[in-house]
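Below is one structure, written out as structure tokens, with a few remarks after it.
The values are calculated or read from the model by the stated rules, or taken from the named source; none is laboratory data. Note that this is a predicted model, so its numbers are computed, not measured. Cβ: placed from backbone, ideal geometry, glycine included. Neighbour counts: every protein chain shown.
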Protein chains: 2
Amino acid sequence: MALIVQKFGGTSVGSVERIEAVAEKIISFRDRGDDVVVVVSAMSGETNRLTALAQEMMEQPIAREMDVLLSTGEQVTIALLSMALEKRGYGARSFTGGQVRILTDDAHTKARIREIDSTRIMAQLEQQNVVVVAGFQGVNEAGCITTLGRGGSDTTAVALAAALKADECQIYTDVKGVYTTDPRVVEEARLLKTVTFEEMLELASLGAKVLQIRSVEFAGKYKVPLRVLSSFEEGEGTLISFEGDEAMEDPSIAGIAFERDEAKLTVTGVPDVPGIAYNVIGPVSEAGIEVDVIVQNAAADGTNDITFTVKRGESERAKSILDNIARSLKAREVDLDTKICKVSLVGVGMRSHAGIASKMFKALAQESINIQIITTSEIKISVVIEEKYLELAVRALHSAFELGDPDGEHSSS
Amino acid sequence: MALIVQKFGGTSVGSVERIEAVAEKIISFRDRGDDVVVVVSAMSGETNRLTALAQEMMEQPIAREMDVLLSTGEQVTIALLSMALEKRGYGARSFTGGQVRILTDDAHTKARIREIDSTRIMAQLEQQNVVVVAGFQGVNEAGCITTLGRGGSDTTAVALAAALKADECQIYTDVKGVYTTDPRVVEEARLLKTVTFEEMLELASLGAKVLQIRSVEFAGKYKVPLRVLSSFEEGEGTLISFEGDEAMEDPSIAGIAFERDEAKLTVTGVPDVPGIAYNVIGPVSEAGIEVDVIVQNAAADGTNDITFTVKRGESERAKSILDNIARSLKAREVDLDTKICKVSLVGVGMRSHAGIASKMFKALAQESINIQIITTSEIKISVVIEEKYLELAVRALHSAFELGDPDGEHSSS
């Protein structure tokens with residue numbers, strides 16, 4: 001007997017038939033005695049349909065009214081899912097974000113949750129009802145409907161789990177969980193039984209996009225045990241757990257993330273005066289271009305080379321900004337390379353264990369892959385390499401760190 | 001400068017284009033300085049789409065969840081209409097029934113309005129915003145979404161007009177207003193400039209279906225001046241006004257209503273004992289069959305004939321109930337006639353003026369139309385006649401009472 005918050009996305013509730021399947025899944029938990037709070041998204045396609053209506057009306061729809069419009073999507077799903085449960089003889093009550101009440105700030109279309117009142121939900125759980133909550137939405141202090149932005153249903157689920165002190169927050173998706181790397185690249189990629197929040201953050205932000213980063217951060221902040229699992233297949237999925245568990249101290253690598261869509265910019269021969277990194281990077285950031293890896297090297301002649309990566313689609317724009325800066329700073333030249341990629345080794349274990357980096361570099365060297373940039377953080381090591389080596393590099397690392405080994409620390413489910 | 005509540009139905013807001021046209025209409029009132037509160041229905045087709053989804057889920061959808069589902073229809077419209085107004089530079093704010101707050105009883109899918117809080121609306125009007133309210137919906141004391149049943153948007157509009165003490169409640173429809181009779185039957189049918197609440201009630205219930213009876217009753221109770229007019233054509237429409245105005249005391253007939261879909265049942269030779277009307281009619285009503293006109297005649301032999309009309313579709317069922325009753329009461333026989341119709345003359349004027357009835361009977365006699373039943377109330381005289389004479393009777397009466405005469409009391413707009 002536990003209190004479980006479950007979240008089902010748009011694809012999982014995309015038709016009446018699928019909603020019935022979701023009801024069956026919920027019931028399997030009710031039958032073993034769990035209390036269940038369910039968070040659902042709009043049926044797949046619905047948000048797009050509503051957005052199209054709004055854009056037929058005006059190119060930049062008024063944010064306040066956009067929220068009124070879009071929030072109907074989830075409201076349809078909560079009603080249908082509650083019916084599916086009631087039809088099967090299980091008590092169910094639907095609630096919109098405003099009814100719960102999920103209080104947010106005033107930032108329409110991208111609101112942040114401030115507070116959740118758990119009174120009504122707890123009362124329904126006590127009456128043995130499944131509580132079905134519309135994801136993605138809330139109300140501000142003034143009582144206006146707000147939405148949390150796309151993917152906000154994950155955030156709703158985690159926030160509810162935190163407010164209700166749930167035993168687990170289960171996010172149902174179209175994948176079976178978090179893998180050591182992308183199974184399309186490495187056939188032996190293994191489903192992780194557990195992963196830490198920090199690892200998950202790195203894995204999610206580095207390409208293995210399973211969950212909204214924001215919801216993972218939220219879960220970390222409130223220490224909500226989060227599980228990712230499949231709506232369509234059986235399995236325990238991946239539990240995103242707290243650091244500090246015994247098993248987490250092993251010198252293990254959780255997985256390998258990669259980013260294909262990158263470009264590298266280098267400004268060479270920048271005169272060495274204080275603040276040059278800011279002078280070079282600042283204007284790029286201010287133009288709304290997201291800057292990823294940054295490295296600065298002092299050259300022997302007293303000048304500096306600054307290298308950083310951006311999304312490939314924004315690289316031309318970044319280049320023209322840099323050309324101007326280079327002229328005014330009297331730098332030597334600006335070089336753009338769009339044929340690169342980033343591969344990262346992620347794992348909490350590495351912070352306390354030497355030798356991970358050298359093992360990584362050795363594995364790449366053995367495949368004659370030249371490393372252009374290296375950056376490290378507490379729980380990851382990223383390298384920028386030529387794009388054509390991406391698959392080869394990921395496979396070599398996966399094998400070198402024995403991630404496909406079912407006897408490893410993150411054993412397969 | 002006035003405070004006006006306007007209601008637009010599903011056809012009037014059936015597409016983005018039509019919603020834009022509604023915005024233009026609202027703006028014409030704003031431009032002359034009026035404060036406007038708008039009540040809208042779901043876009044045409046939307047309620048049917050949602051109902052179909054629910055019925056795919058279960059044949060008899062849970063009422064509570066049906067309300068959560070259906071109320072999204074109007075919510076989409078309020079958002080789009082507010083956008084259309086904002087796009088044109090007119091401030092607008094949308095509100096769901098729950099946000100206003102329109103408090104109802106707990107009768108899901110057929111709730112009744114108990115109370116309306118006008119605070120939020122008045123605050124928005126003071127800020128020069130158009131207030132756009134979702135029709136058809138409210139919340140109960142527990143904060144659950146309720147709906148007022150189909151056509152409930154009219155009721156919402158009238159209730160809001162009453163709560164806000166609006167100068168006028170305008171119901172926009174696909175007809176230009178209330179006519180002396182159905183223009184499809186009588187070409188010279190004239191648009192009434194004014195009609196009393198009582199006349200309207202009779203006209204609406206007797207076939208000239210323009211407004212929901214419930215909303216007209218509501219308007220009468222709270223003395224809300226109600227105007228019916230067309231969304232698509234220009235014109236002043238018909239004002240449904242209070243009795244007591246000078247003009248209302250004229251011996252005028254407002255119009256002629258008719259009901260095609262009737263059947264007549266007669267039980268003859270019922271022994272004359274107290275309570276026989278109840279014994280005959282009671283079981284029919286209890287079977288959920290609506291009984292309309294009822295007449296009872298004592299025959300010379302001390303027995304009674306009881307005649308009444310029902311909807312034609314329910315007449316066979318009523319007949320079989322009556323056959324049983326007739327046996328147990330030892331009545332002579334039960335006769336069913338499905339080839340009849342009802343024609344009614346409606347007008348507040350007739351209550352104080354003799355001669356209306358005889359003029360009516362004379363007009364019908366001149367066309368050799370035999371009258372089978374006559375019933376009268378304060379403001380109407382109804383006759384049941386053979387169905388084949390319907391058009392002839394309506395035209396004869398329309399002409400006899402000079403309803404097409406533009407110099408009549410209810411002059412054309």
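Using the structure shown, decide if A:R49 is closer than 30 Å to B:N129 by Cα and at pLDDT below 95. Walk me through it before giving the result.
Numbers: closer than 30 Å to B:N129 by Cα: yes; at pLDDT below 95: no.
Here the answer is no, as A:R49 does not meet what is asked.
Among (1) touching a Leu at 6+ places or on another chain (Cβ under 8 Å); (2) more than 10 Å from chain A (Cβ to nearest Cβ); (3) of a type in the set (S, T, Y), where does B:T119 come up short?
(1)
For residues in the range B:88-114 being outside any helix (DSSP H, G or I), under 29 Å from B:S28 (Cα atoms) and in contact (Cβ under 8 Å) with a residue 40 or more places away in the chain, which is nearest to the other protein chains (Cβ to nearest Cβ)? Quick ask: steps written out before the conclusion?
Filtering the range B:88-114 down to residues outside any helix (DSSP H, G or I) leaves B:88-96, B:101-114.
If we keep only those that are under 29 Å from B:S28 (Cα atoms) too, we end up with B:88-96, B:101-102.
From what's left, in contact (Cβ under 8 Å) with a residue 40 or more places away in the chain: B:88, B:90, B:92, B:94, B:96, B:102.
Numbers: B:R88: 10, B:Y90: 12, B:A92: 8, B:S94: 5, B:T96: 8, B:I102: 14 Å.
Here the answer is B:S94.
If you scan the range B:64-87, which residues turn out to be without any contact (Cβ under 8 Å) to a residue 60 or more places away in the chain, closer than 15 Å to A:Q99 by Cβ and aliphatic (A, V, I, L, M)?
B:L69
Looking at the range A:18-49, which of its residues are assigned to a helix (DSSP H, G or I), farther than 15 Å from A:Q6 by Cβ and away from chain B (no Cβ under 13 Å)? Don't jump to the end; show me each part of the working.
From the range A:18-49, those assigned to a helix (DSSP H, G or I) are A:18-31, A:46-49; that's our starting set.
From what is left, the residues that are farther than 15 Å from A:Q6 by Cβ are A:20, A:46-49.
Across the range A:18-49, the qualifying residue is only A:N48.
Looking at the structure I just gave you, is B:V343 in a strand (DSSP E or B) and under 20 Å from B:A189 (Cα atoms)? Break it down into steps so the answer makes sense when it comes.
Details: in a strand (DSSP E or B): yes; under 20 Å from B:A189 (Cα atoms): yes.
When the stated conditions are applied, B:V343 passes them.
Conditions first: (1) surrounded by 15 or more Cβ atoms within 10 Å (Cβ to Cβ); (2) at pLDDT 85 or above. A:R214 passes all but one, so which condition is the exception?
Evaluating A:R214 over (1) surrounded by 15 or more Cβ atoms within 10 Å (Cβ to Cβ); (2) at pLDDT 85 or above leaves (2) as the failure.
When only residues in the range B:159-201 that are under 23 Å from B:A21 (Cα atoms) and among the acidic types (D, E) count, which is surrounded by the fewest Cβ atoms within 10 Å (Cβ to Cβ)?
Once the filter is applied, the top-ranked residue is B:D174.
Across the range B:50-87, what is the number of residues that are surrounded by fewer than 24 Cβ atoms within 10 Å (Cβ to Cβ), more than 8 Å from chain A (Cβ to nearest Cβ) and more than 18 Å from B:G10 (Cβ to Cβ)?
Final tally of qualifying residues: 4.
Might you let me know whether the range A:122-142 holds any residue that is more than 12 Å from chain B (Cβ to nearest Cβ), over 22 Å from the mean Cα position of the chain (by Cα) and closer than 19 Å to A:T72 by Cα?
Yes: one or more hits.
Report, by residue number, each residue of the range A:295-306 that is out of contact with any helix residue (DSSP H, G or I) (no Cβ under 9 Å at 6 or more places or on another chain) and within 11 Å of A:A277 (Cβ to Cβ).
Restricting attention to the range A:295-306, the residues satisfying the condition of being out of contact with any helix residue (DSSP H, G or I) (no Cβ under 9 Å at 6 or more places or on another chain) are A:295, A:297-303, A:305.
A:V295 - this is the single residue of the range A:295-306 that is out of contact with any helix residue (DSSP H, G or I) (no Cβ under 9 Å at 6 or more places or on another chain) and within 11 Å of A:A277 (Cβ to Cβ).
Looking at A:I78, A:I62, A:I19, which is the one that is under 27 Å from B:E86 (Cβ atoms), hydrophobic (A, V, I, L, M, F, W, C) and in the same structural domain as A:G151 (by TED's automatic domain parsing)?
On the way: A:I78 fails: under 27 Å from B:E86 (Cβ atoms); A:I19 fails: under 27 Å from B:E86 (Cβ atoms).
On inspection, the qualifying residue turns out to be A:I62.
Give the range A:1-34 a look and list any residue that's charged (D, E, K, R) and under 27 Å from the mean Cα position of the chain (by Cα), or say none. Let's see the steps before the verdict.
Taking the range A:1-34 and keeping what is charged (D, E, K, R), we get A:7, A:17-18, A:20, A:24-25, A:30-32, A:34.
Correct list: A:K7, A:R18, A:K25.
Residues in the range B:132-143: is at least one out of contact with any helix residue (DSSP H, G or I) (no Cβ under 9 Å at 6 or more places or on another chain) and either acidic (D, E) or in contact (Cβ under 8 Å) with a residue 60 or more places away in the chain (or both)?
Yes: one or more hits.
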